[in-house]
Amino acid sequence: MKKGGVAVLSTLIGAVAGAAAVGKVQGKTINQKAEKVDKFKGYYNMLNQWLVIKQEGKSLEKYFTDNGYKTIAIYGMGEMGNRLYDELKGTSVTVKYAVDKNAASTYSELDVIDPEDDYEEVDAIVVSAIFAFDEIEEMLSDKVDFPVVSLEDVVYEA
């Protein structure tokens, strides 16, 4: 009888441990999906505000001129970085260069440097990767003496 009790107890402990492991993996997956949803919701809201600005006949240029930023660099040349560059072409704001962790494989009219490279002086760096802004700003604070701003702030303050 003792062997049967031990076997049942072992089976129960194994089942509980297995369920806990599965629950942990599922919880992690759910958290990752929730983070992704939040990220895309944030981009959606920012792009919606950007569209409102455009429909009002305005431009993000206003943010830069209001803050005295005549020359900028764009950190992150994904979709948002490219849209910002397109928005500022032909305005009073000069985009001098871009920074991207995939600099070697990033196609752009701009010079694209690696985050570890030396940065040419500009009036500000605009981070287009809004959900990584805090980490990027912290990293850049050790490398540059000029303002680091989030594209999200640019859009909402333009």
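The values are calculated or read from the model by the stated rules, or taken from the named source; none is laboratory data. Everything numeric in this text was worked out from a predicted model, so none of it was measured. As a convention, Cβ positions derive from the backbone with ideal geometry for all residues, glycine included, and neighbour counts pool all protein chains shown. Please note that ligands, DNA and RNA were not included when accessible areas were found on the heavy atoms of the full protein model with its side chains. Shrake-Rupley method; radii C 1.70, N 1.55, O 1.52, S 1.80 Å.
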Among Ile125, Ile53, Ile72, which one shows the biggest mean-square fluctuation in a GNM of the chain, springs joining Cα atoms closer than 10 Å? Ile53
For the stretch 63-79, just list the computed ³J(HN,Hα) in residue order, Karplus coefficients 6.51, -1.76 and 1.60, θ = phi - 60°, integers in Hz, with x standing in for Gly and Pro. 4, 5, 5, 4, 9, x, 8, 8, 10, 9, 10, 10, 9, x, 10, x, 4
Per-residue [θ]222 nm for the chain (sum of -39500 (n - 2.57) over DSSP H runs n ≥ 4, rounded to 500): -18500 deg cm²/dmol
So what is the relative contact order of the stretch 60-138, in percent, for Cα pairs below 8 Å that sit 6 or more residues apart? 36 percent
Over 29 Å between C-alpha atoms is what I'm after, so list which of Lys54/Lys96; Lys36/Lys62; Lys36/Lys101; Lys33/Lys143; Lys39/Lys89; Lys41/Lys70 land there. Lys36/Lys62; Lys33/Lys143; Lys41/Lys70
Sorted by chain and number, the residues with a modelled amide H under 5 Å from that of Ser150, at a separation of 5 or more or across chains, are Val127
Place a +1 charge on the Cβ of each Lys and Arg in the chain and a -1 charge on the Cβ of each Asp and Glu, then give the dipole magnitude about the Cα centre in debye, rounded to the nearest 20. 1640 debye
Which whole-Hz couplings ³J(HN,Hα) result when phi for each residue of the stretch 101-112 is put into the Karplus expression 6.51 cos²θ - 1.76 cosθ + 1.60, θ = phi - 60°, listed in order with x for Gly and Pro? 5, 10, 3, 5, 10, 9, 8, 7, 5, 7, 5, 10
Percentage relative contact order, the chain, counting C-alpha pairs under 8 Å, at least six apart: 22 percent
Per residue, how much accessible area does the chain show when a 1.4 Å probe rolls over the protein heavy atoms, in square angstrom? 64 Å²
With x for Gly and Pro, the residue-by-residue ³J(HN,Hα) of the stretch 44-61, computed from phi through the Karplus equation 6.51 cos²θ - 1.76 cosθ + 1.60 at θ = phi - 60° and given in whole Hz, is 4, 4, 5, 5, 5, 5, 4, 5, 4, 4, 5, 5, 7, x, 9, 9, 5, 3
Where a ≥ b ≥ c are root eigenvalues of the Cα gyration tensor, a/c under 1.5 meaning rounded, otherwise prolate if a/b exceeds b/c and oblate otherwise, the stretch 36-135 counts as oblate
Along the charge dipole of the chain, which of Asn45, Asn102, Gly81 sits closest to the positive end, that is, farthest toward it, with unit charges on the beta carbon of Lys, Arg, Asp and Glu (+1, +1, -1, -1)? Asn45
Which far-off residues, 5 or more places away or on another chain, put their amide H under 5 Å from the one on Tyr97, with H placed in the peptide plane? Ile74
At most 13 other Cβ atoms within 10 Å plus a DSSP loop assignment makes a site exposed; report the longest stretch of the chain without any exposed GluC sites (Glu not before Pro). 1-55
Amide H proximity to Tyr119 below 5 Å, modelled H, separation 5+ or other chain, gives none
Taking the chain as a Gaussian network, Cα atoms linked when under 10 Å apart, which of Ile130, Ile113, Ile13 shows the biggest mean-square fluctuation? Ile13
